[in-house]
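In what follows, a single structure is set out as structure tokens and then discussed.
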Amino acid sequence: MMTTQYTPAPYSEWRDVLNHLIAHPTDAPNVTCPTCGNNTIHIVFPGNPETRVGIAAVWCSTSQDGVISGRLRVPSAQEMTPWDEFNDQTTPFTIIPPEYIPSDDYEEKQF
Ligand SMILES: [Zn+2]
């Protein structure tokens, strides 16, 4: 299905896009994908629409790379995607992980 293989951009570049779009979600169509250079970036806020606790997921529908944030409080005006509707059918992307941190200094968090 995928015709072009892109080399994923470093996490640090994706993190900048993620942080920008969390603050300015409507800016997504104007943002250039760090991996492939296309303006095909999307952002959704999966989580619990009742508690407004969720995460941000940013991805590119051309290169299908993306990143997710840690837990955050989603502003009440922002549309959220319920957890059970957030899956690889609706958001088909490969998560670029943060840079490796030695396990001695880092405790794995379970979602
Ligand atoms: Zn891309």
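The values are calculated or read from the model by the stated rules, or taken from the named source; none is laboratory data. Source: prediction; values computed, not measured. A quick note on method: Cβ atoms are made from the backbone with ideal geometry, for glycine too, and the neighbour counts reach across all protein chains shown.
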* **Failed item, numbered, when residue 77 is tested on (1) closer than 13 Å to residue 21 by Cα; (2) surrounded by fewer than 21 Cβ atoms within 10 Å (Cβ to Cβ)** => (1)
* Structure fact -> Within the range 1-17, the count of residues that are within 14 Å of the ligand (Cβ to nearest atom) and surrounded by 11 or more Cβ atoms within 10 Å (Cβ to Cβ) comes to 7
* Asked: farther than 10 Å from residue 63 by Cα, among the polar types (S, T, N, Q) and not in a helix (DSSP H, G or I) - does that describe any residue in the range 4-14?
  -> no
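Of all residues in the range 74-90, which are under 12 Å from residue 51 (Cβ atoms) and either at pLDDT below 90 or touching a Lys or Arg at 6+ places or on another chain (Cβ under 9 Å) (or both)? Write out each step before concluding.
The first filter runs over the range 74-90 and keeps only residues under 12 Å from residue 51 (Cβ atoms), leaving 74, 76, 80, 82-83.
Scanning the range 74-90 gives 74, 76, 80.
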* Structure fact -> Per the filter on the range 37-60, residues among the small types (Gly, Ala, Ser) and closer than 14 Å to residue 14 by Cα are 37, 56, 57
* Failed item, numbered, when residue 77 is tested on (1) out of contact with any Asp or Glu (no Cβ under 8 Å at 6 or more places or on another chain); (2) within 16 Å of the ligand (Cβ to nearest atom); (3) aliphatic (A, V, I, L, M) -> (2)
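Condition first: small (Gly, Ala, Ser), surrounded by fewer than 23 Cβ atoms within 10 Å (Cβ to Cβ) and either farther than 15 Å from residue 90 by Cα or touching a Pro at 6+ places or on another chain (Cβ under 7 Å) (or both). Now tell me which residues in the range 58-70 satisfy that.
Here is the first cut: in the range 58-70, the ones small (Gly, Ala, Ser) are 61, 63, 66, 69-70.
From the residues that got through so far, the ones that are surrounded by fewer than 23 Cβ atoms within 10 Å (Cβ to Cβ) too are 61, 69-70.
Matches in the range 58-70: 69, 70.
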* To do: Sort out which residues of the range 73-94 are touching a strand residue (DSSP E or B) at 6+ places or on another chain (Cβ under 7 Å), part of a strand (DSSP E or B) and farther than 16 Å from residue 14 by Cβ, and write them in order of number.
  => 73, 81
* Return a yes/no flag: does the range 22-36 have any residue that is within 16 Å of the ligand (Cβ to nearest atom), more than 19 Å from residue 95 (Cβ to Cβ) and touching a residue at least 12 places away in the same chain (Cβ under 8 Å). => yes
* Sort through 68, 55, 41 and tell me the only one that's within 14 Å of the ligand (Cβ to nearest atom) and in contact with a strand residue (DSSP E or B) (Cβ under 6 Å, 6 or more places away or on another chain). => 41
* When the range 37-60 is examined, which residues are found to be assigned to a loop (DSSP other than H, G, I, E, B) and in contact (Cβ under 8 Å) with a residue 24 or more places away in the chain? -> 38, 45, 49, 52, 56
* Go through the range 23-36 and count every residue that is outside any loop (DSSP other than H, G, I, E, B) and within 17 Å of residue 96 (Cα to Cα). => 0
